[in-house]
1. If you scan the range 136-151, which residues turn out to be out of contact with any helix residue (DSSP H, G or I) (no Cβ under 8 Å at 6 or more places or on another chain), in contact (Cβ under 8 Å) with a residue 12 or more places away in the chain and in a loop (DSSP other than H, G, I, E, B)?
2. Would you pick out the residues in the range 344-362 that are in a helix (DSSP H, G or I) and under 13 Å from F246 (Cα atoms)?
3. Scan the range 32-51 for residues that are out of contact with any Asp or Glu (no Cβ under 7 Å at 6 or more places or on another chain), surrounded by 24 or more Cβ atoms within 10 Å (Cβ to Cβ) and over 27 Å from E86 (Cβ atoms) and jot them down.
4. Is the range 212-230 home to any residue that is touching an Asp or Glu at 6+ places or on another chain (Cβ under 6 Å) and within 16 Å of ligand 1 (Cβ to nearest atom)?
5. Note down all Cβ pairs under 6 Å where the first residue falls in the range 285-298 and is within 15 Å of V262 (Cβ to Cβ), the second is assigned to a strand (DSSP E or B) and among the hydroxyl-bearing types (S, T, Y), and they're at least six residues apart or on different chains.
6. Scan the range 318-326 and tell me whether some residue there is within 14 Å of ligand 1 (Cβ to nearest atom), of a type in the set (V, I, T) and on the phi < 0 side of the Ramachandran plot.
7. Determine which single condition A77 fails, assuming it passes every other condition in (1) touching a strand residue (DSSP E or B) at 6+ places or on another chain (Cβ under 6 Å); (2) assigned to a loop (DSSP other than H, G, I, E, B).
8. From the residues in the range 339-391 that are of a type in the set (S, T, Y) and touching a residue at least 60 places away in the same chain (Cβ under 8 Å), which one is nearest to ligand 1 (Cβ to nearest atom)?
Amino acid sequence: MEAQLPINSEGKPIQCKAAVCRDSGEPLVIEDVVVAPPMSGEARIRIICSSLCHSDLTFWKAKGPLGSFPRILGHEAVGVVESVGEDVSEVKKGDMVIPVFMAECLECVDCKSKKSNLCSNVPFRMSGFMPRHESSRFTDLSGQTIHHFLFVSSFSQYTVVDVVHLTKISDPSSLPPNRACLLSCGVSTGVGAAWKTAEVEAGSTVAIFGLGSIGLAVAEGARLCGAAKIIGVDLNPQKFEIGKKFGLTDFVNPGECGDKPVSQVIKEMTDGGADYCFECVGMASLVHEAYASCRKGWGKTIVVGVDQLGSNLTFSSGEVLTSGKCIMGSLFGGLKPKSHIPILLKRYIDKELQLDEFVTHEMELEDINRAFDLLQAGQCLRCVIWMDKKL
Ligand code: NAD
Ligand code: ZN
């Protein structure tokens, strides 16, 4: 990996290509940007592959407080450490690393607890800057600051990431980069939501609303946990065939349910309601539908999809009281990146966890807008972007 890194670049700015989002919803512009050296606690990474997740689309379109433009999007990636700032010993030049939007400081009460992946020292939040120093490492050639995204910004050939957001891959030869990037967000999130957040048990029933990569990865996680019935709900009927590869046993197309609510259909299919329901689209109305589809007494609804800012859920307190159901949010599938990505990697090497099937398209950085079109049109699962075709 070291051979692919520039010589004598340490401590100096690097000029490279990036896909810059200049304004909300506008096509990304491939331009030269300047990436400053890492500050203390940070590493500069040469991004090898970055795949496109629906959250990139959401924040590409975002207006108002969540739309900090110009911005470099991208948060599902793998790369090689080019240089490190002061006080960094966890990674060194040449290490293969997976950046993740969630931090694991390894020290706070939450990182030490098995019950949460919400680090308190470096909490999840929306920011256009680095987590520790509140400044950007990107400028354009006129000197204008470019904002970061989710502490990763991987649609750039080089980026700077805080070490609390990096997971080192100890044996890079075990995992090709066009598969490794999937563990950085999508597949880990879905598999983790079933495995860690819901703790799906063998023999249980599962309903998944939205069969993009996240929902299909939930199916994959539920399959690995031994679920007996895995019901997918999607408006796109092609998703049933695709979903069978990931353990889907049944399919509901909301457009074909007539006057019956989807929750009624699922209750009938599961003799009273699914044990675990997952919302993987990002719509409050589907969270309600998922909650209604869960079994009374022990049903768990897991919110994974990212809805628009300001969207609210409304529940009758009487129903919450008497139904005994539970609703939980799940960021990054409840996984701690440094602790759990190596476990998923091992399951991939052992041929238990599927990653290959999620990659439907691969392309080069200059074609990145096509990846956005494909994901918006529901024509791809994961589209992997190779950041430098010379590699
Ligand atoms: P995607 O665009 O690939 O898939 C979305 C799927 O939902 C598509 O198959 C689409 O046909 C289906 N769909 C849309 N409207 C529907 C409806 N009304 N009923 C049923 N199905 C419907 O997206 P993805 O990359 O899989 O991401 C899914 C969601 O997960 C997004 O909201 C994304 O932001 C979120 N996400 C959350 C986390 C997290 O940590 N919680 C991490 C990554 C992504
Ligand atoms: Zn994502």
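1. S136, R137, L141, Q144, H148
2. D356, E357, F358
3. Residue satisfying the conditions is C49 alone.
4. Scanning the range 212-230, I find no residue that is touching an Asp or Glu at 6+ places or on another chain (Cβ under 6 Å) and within 16 Å of ligand 1 (Cβ to nearest atom), so the answer is no.
5. A290/T301; Y291/T301; C294/T301
6. Within the range 318-326, none of the residues are within 14 Å of ligand 1 (Cβ to nearest atom), of a type in the set (V, I, T) and on the phi < 0 side of the Ramachandran plot.
7. Going through (1) touching a strand residue (DSSP E or B) at 6+ places or on another chain (Cβ under 6 Å); (2) assigned to a loop (DSSP other than H, G, I, E, B) one by one, A77 breaks only (2).
8. This residue is S339.
The values are calculated or read from the model by the stated rules, or taken from the named source; none is laboratory data. Owing to the predicted nature of the structure, the values given are computational and were not obtained by experimental measurement. All Cβ positions, glycine included, derive from the backbone under ideal geometry; neighbour counts span all protein chains shown.
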